[in-house]
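To keep things clear, I will list the structure first and then write my remarks on it.
No lab work stands behind these numbers, since they all come straight from the coordinates. Just so it is clear, the structure is predicted and the values come from calculations on it, not from any experiment. Cβ: placed from backbone, ideal geometry, glycine included. Neighbour counts: every protein chain shown.
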Amino acid sequence: MKPGDWLILFLSLLLVPLSWSMIQRNSGAVTAIEITVGDQPPVVYSIKDQQQIAVAGELGDSVIEIRDGRVRMISSPGKRQLCVLSGWHQQSGDNIVCLPNKVGVSLISNQERFDGINF
Amino acid sequence: MRSCRWLATALLVLPILLAACTKQNFYRYQSFAFGTLIEIKIHGDDKALADQAAASLFTDFDRMHNDWHAWQPGKLTQTSALLATGKWFTADKAVLPLIKLSKQYSLLSNGLFNPTIGKLIQSWGFQGSEQPQTPPGQETIAHLLDKLPTVNDIDIDGNRLRGHNSQLQLDLGAIAKGYAVSIGLQKMRDLGIKHALINAGGDLCGIGDQGQRPWRIGIRNPSGNGIIASIELGKDECVFTSGDYERYFTYDGKRYNHIIDPRSGYPADKVTSVTVLHKNGTIADAASTALFVAGPNGWQEIAKKMGISDVMMIDKRGHIIISPSMQKRIKLEPGDKDREIIISKPLT
């Protein structure tokens with residue numbers, strides 16, 4: 001092999017761990033949210049699309065906001081407001097749950113860092 | 001030269017192939033029960049079996065939710081009413097096993113997990129759909145504490161029960177989810193499912209693993225929405241947390257959380273959260289509440305009595321108090337490595 005070939009081989013060997021670490025670093029990043037209302041199948045929204053989404057739950061509309069890779073519940077007709085008070089969420093595997101309106105938001109990733117969030 | 005280029009190309013493609021290999025046959029299901037969102041993740045090859053198991057579990061959870069509800073009329077409220085009469089009666093089989101376990105674990109917790117104080121919890125407004133606005137008056141709490149029931153006020157003889165305290169009102173909220181998840185996992189095992197994770201509103205139990213690795217759980221930081229630490233579950237293991245940051249109300253600048261200390265009648269306020277790791281979800285659920293109530297000075301004794309060896313407690317200063325065995329399991333997030341960590345004596 002010529003010296004240039006050795007250089008290509010060396011650079012390739014160098015790039016293997018680099019590429020692998022970059023793939024791993026990106027794992028866990030939220031790529032989408034799933035909104036579940038009651039027993040209906042979930043609807044998926046990209047985390048990249050900055051928007052507010054109103055969904056009709058059992059008591060009325062719950063409004064979800066996606067911004068800067070995060071998601072939060074802006075308003076919901078539940079009296080305790082626990083889901084609204086929980087603020088912004090940005091970890092894959094996490095959920096926002098509005099009861100009794102039965103609206104759930106799950107943060108999902110192509111390659112989840114966590115399978116679930118304990119709290 | 002040509003072989004060198006092939007090798008270089010292969011090496012560059014390798015990480016992408018490795019990443020692709022981590023994709024598994026993975027099924028995920030959600031439903032509402034126990035006042036929260038229940039999520040089931042199943043790893044395996046048989047989608048029909050996974051669908052069947054998830055549907056069956058959600059039906060069970062729905063029934064348990066209704067049977068064990070602390071204030072909506074049902075089998076548990078009927079049982080409370082019969083206990084208050086002071087006469088023997090045959091308990092409904094839908095509630096009896098859970099009442100027996102509740103009594104057992106309450107005794108082990110020295111009464112810090114007390115499933116008979118429904119009236120006290122109700123006085124704080126934590127039963128019902130309304131957000132509490134004000135704490136109850138001191139006279140109300142004093143009156144309720146005067147004849148505060150304990151599990152010793154419940155006689156159990158086979159399938160018959162008798163109460164000794166007219167104030168007795170069952171609230172199994174600190175144990176019901178753990179018991180339900182344990183039953184659910186056993187059902188999945190019986191159906192032939194080997195790898196599953198049930199997330200019951202932030203309390204999780206797993207069997208088997210995720211496929212390529214153990215089930216990996218992030219523990220939410222009590223002070224915000226980030227993660228404070230992570231843990232990999234064993235083959236059959238649960239992680240439960242009791243905290244003051246999920247259900248609470250603020251009155252006159254003071255925060256009142258939903259975990260009531262049966263000794264004082266007021267919310268337990270010595271710690272921010274307690275995380276317990278255990279093979280049994282029922283024990284983990286009851287113990288996380290009991291240790292939260294016990295606080296930073298009395299939790300070791302209760303943990304030992306309840307057979308808990310893996311505990312992480314975050315106190316009001318944000319310090320982490322952790323048992324040695326739990327310290328070996330927990331991986332703190334980079335931003336939380338500067339926290340003060342106090343390692344307790346071994347619990348076993």
> If you add up the charges near B:A94, with Lys and Arg at +1 and Asp and Glu at -1, over every other residue whose beta carbon is less than 15 angstrom from its beta carbon, what do you get?
Replying inline: 0
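Quick check on the exposure proxy: order B:D261, A:D61 from fewest to most C-beta atoms within 10 angstrom.
Starting with the residue having the fewest Cβ neighbours, the order is A:D61, B:D261.
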>> Suppose every Lys and Arg Cβ carries +1 and every Asp and Glu Cβ carries -1, with no other charges. What dipole size does the protein assembly as shown come out with about its Cα centre, to the nearest 20 debye?
In response: 900 debye
> On full extension of the chain, what length is gained from B:R263 through B:D190, given 0.36 nm per residue of separation minus the C-alpha to C-alpha distance?
Replying inline: 22.1 nm
> Within chain B, which is the longest segment containing none of the GluC sites (Glu not before Pro) that sit in a DSSP loop and have at most 14 other Cβ atoms within 10 Å?
Replying inline: B:131-339
>> What is the sum of charges, Lys and Arg at +1 and Asp and Glu at -1, for the other residues whose Cβ falls under 14 Å from the Cβ of B:P324?
In response: +3
> Where nothing but the Cβ of Lys and Arg (+1) and of Asp and Glu (-1) is charged, how large is the charge dipole of segment A:70-119 around its Cα centre, in debye to the nearest 20?
Replying inline: 280 debye
> For segment B:25-136, with only Lys/Arg (+1) and Asp/Glu (-1) charged at the beta-carbon, what is the dipole magnitude about the Cα centre, in debye rounded to 20?
Replying inline: 460 debye
> In which sequence would B:S56, B:S31, B:S242 go, from the one with the fewest C-beta neighbours within 10 Å to the one with the most?
Replying inline: B:S56, B:S31, B:S242
> Hey, how many Å between the Cα centroid of segment B:206-240 and the Cα centroid of segment B:314-348?
Replying inline: 16 Å
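What's the average, rounded to a whole number, of partner chain beta-carbon atoms within 10 Å of each residue's beta-carbon in A:105-117? Write down the numbers at each step before the final one.
Details: counts 1, 5, 0, 1, 0, 2, 3, 5, 4, 8, 19, 17, 10.
Other-chain Cβ atoms within 10 Å of each residue's Cβ, averaged: 6.
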>> Can you compute the modelled spin-label distance between A:F10 and B:R255, with each label point 7 Å from Cα toward Cβ, in nm?
In response: 5.6 nm
> Put +1 on the Cβ of each Lys and Arg and -1 on the Cβ of each Asp and Glu in segment B:219-343; which of B:Y266, B:S325, B:I227 then has its Cα farthest toward the positive end of the dipole?
Replying inline: B:S325
> Cα centroids of segment B:71-88 and segment B:113-164: how far apart, whole angstrom?
Replying inline: 13 Å
>> Let me confirm one metric for peptide B:25-33, namely the mean number of other chain beta-carbon atoms within 10 Å of its residues' beta-carbons.
In response: 4
>> Restricting to DSSP H runs of at least four residues, report the calculated mean residue ellipticity at 222 nm for chain B, -39500 (n - 2.57) per run over all residues, nearest 500 deg cm²/dmol.
In response: -11000 deg cm²/dmol
>> At 7 Å along Cα-to-Cβ for each site, give me the label-to-label distance between A:D61 and B:D45 in nm.
In response: 4.9 nm
> If each of B:K147 and B:N66 carries a label point 7 Å out from its Cα toward its Cβ, how far apart are those two points in nm?
Replying inline: 3.3 nm
> For B:V95, A:V63, B:V276, what's the fewest-to-most ordering of other Cβ within 10 Å of each Cβ?
Replying inline: A:V63, B:V95, B:V276
>> Given axes a ≥ b ≥ c from the Cα gyration tensor, I'd like to know whether segment A:29-112 is rounded (a/c under 1.5), prolate (a/b larger than b/c) or oblate.
In response: prolate
> How long is segment B:102-181 along each principal axis, judged by its Cα atoms, biggest number first, in Å?
Replying inline: 41, 32, 22
